[in-house]
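Every number here is computed from the coordinates shown, using simple stated rules; none is lab data. Just so you know, these numbers come straight off a predicted model, no measurement behind them. Every residue, glycine as well, gets a Cβ built from its backbone with ideal geometry; the counts of neighbours run over all protein chains shown.
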Amino acid sequence: MPATFLFYYLRVLLLPYFFMSFLKLANRSLGMIFCLAAFGISNADTLKTHSPVPAAVIWQLDDPAKIGGHTTEVLGAPRVVAEQGAKALVFNGRSDGVFVPVNPVAGWAQFTIEVLIKPDGTGDEEQRFMHIQDKDEHRIMIETRVTKDRHWALDTFLFASTEHSRPLLDKTLLHPTDQWHWVALVYDGKKMANYVNGVKELEGEVVVPPMADGRMSIGVRQNKVFWYKGAIREVRYHPVALSPSSLQRVEVK
C-alpha cells in the first residue's frame with residue numbers, strides 16, 4: 001500500500017476518533033471546574049454561617065471612673081481595695097454606685113454573665129448590684145437577699161414584657177456573706193438559669209429578644225434604690241450560654 005494512501009486512510013478514519021475523545025475530555029474538565037467553583041461558593045457560605053464566636057468581655061473593677069474602657073458616672077465614693085493580690089470596688093450600701101454608658105450584651109441572642117462578689121453581712125435585705133437596661137426598657141437584674149444571720153441568696157431577673165419575664169429566687173439557698181463568690185446568669189435563648197460557684201440553683205423557661213443599646217449600673221438599681229453593700233472584683237460577659245463546667249467558681253470555706 002503506498003505511503004500516501006496509508007496516511008490519507010489513517011487521517012480520515014482516526015481524526016474523528018481523536019476529535020470525539022478530545023470533546024469528552026474537555027466536557028469532563030469543564031464539569032470538574034464547575035463543581036470546584038460550586039464547592040468553593042458553598043464552602044464560603046458555610047464559613048460565613050459558622051463564623052467564630054466573639055471572645056468574652058472581661059471587666060476588672062479596679063477604678064470607679066473607668067470600667068471596661070468606658071468613662072463612668074460615679075455616685076458617692078466607691079473605694080478601691082486590694083485583697084489577695086487583686087483590686088476590687090467596695091460599695092457602702094447607701095450612696096455608692098457606678099453607671100456605665102453601655103449595654104455589654106446588646107444584640108446577643110444568648111449570653112452568660114459572671115460576677116465575682118463579696119457581700120457584706122451588715123447590708124440591707126434587698127440589694128441590686130447589677131442592672132442592665134436598654135432603650136426599650138428591657139432589663140437584666142442580678143441581686144442579693146441578705147439575712148440577719150449574715151447569709152445571702154441569689155436573685156436574678158430577665159424582663160422584656162409582662163408576658164416575657166422570669167425571676168429566679170429561692171431564699172432557702174443561702175451562702176455565707178463576707179466571702180468571695182462567683183455568681184452567674186445563663187440564658188440560652190429559651191431558658192435562664194442562675195449559679196453560685198458553678199452550681200446551678202434555679203432555672204426557668206423564658207423567651208426574650210436580644211437587647212438593644214443601653215446602659216448599666218453597678219452597686220445600685222438605675223433608679224438609685226436598693227444599694228449594694230460589699231465588694232465586686234470582676235465581671236465577665238460571654239455571647240454564649242456556658243456549660244456549668246465552664247463557669248468560674250470559688251471554694252467556700
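One line per residue, one yes/no per condition, for (1) among the β-branched types (Val, Ile, Thr); (2) touching a residue at least 60 places away in the same chain (Cβ under 8 Å); (3) in contact with a Gly (Cβ under 8 Å, 6 or more places away or on another chain):
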site: GLY123; (1), (2), (3): no, yes, yes
site: ARG128; (1), (2), (3): no, yes, no
site: LYS148; (1), (2), (3): no, no, no
site: THR162; (1), (2), (3): yes, no, no
site: MET211; (1), (2), (3): no, yes, yes
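Summed over the stretch 66-85, residues that are within 24 Å of the chain's Cα centre (by Cα) and under 14 Å from ARG233 (Cβ atoms) total 2.
Yes/no matrix, rows are residues, columns are (1) under 25 Å from SER243 (Cβ atoms); (2) surrounded by fewer than 18 Cβ atoms within 10 Å (Cβ to Cβ):
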| position | (1), (2) |
| --- | --- |
| GLU143 | yes, no |
| THR147 | no, yes |
| ARG166 | yes, no |
| LYS190 | yes, yes |
| GLU203 | yes, yes |
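What residue, of LEU242, LEU173, is under 28 Å from PRO101 (Cα atoms) and among the aliphatic types (A, V, I, L, M)? Only one candidate passes the filter, namely LEU242.
Within the stretch 134-155, the set of residues being of a type in the set (Val, Ile, Thr) and in contact with a strand residue (DSSP E or B) (Cβ under 7 Å, 6 or more places away or on another chain) comprises ILE140, ILE142, THR144, VAL146. Reported count of residues in the stretch 66-102, each being closer than 13 Å to ILE218 by Cβ and among the small types (Gly, Ala, Ser), is 4. The single condition among (1) surrounded by fewer than 20 Cβ atoms within 10 Å (Cβ to Cβ); (2) touching a Phe, Trp or Tyr at 6+ places or on another chain (Cβ under 7 Å); (3) of a type in the set (Lys, Arg) that LYS66 does not meet is (2).
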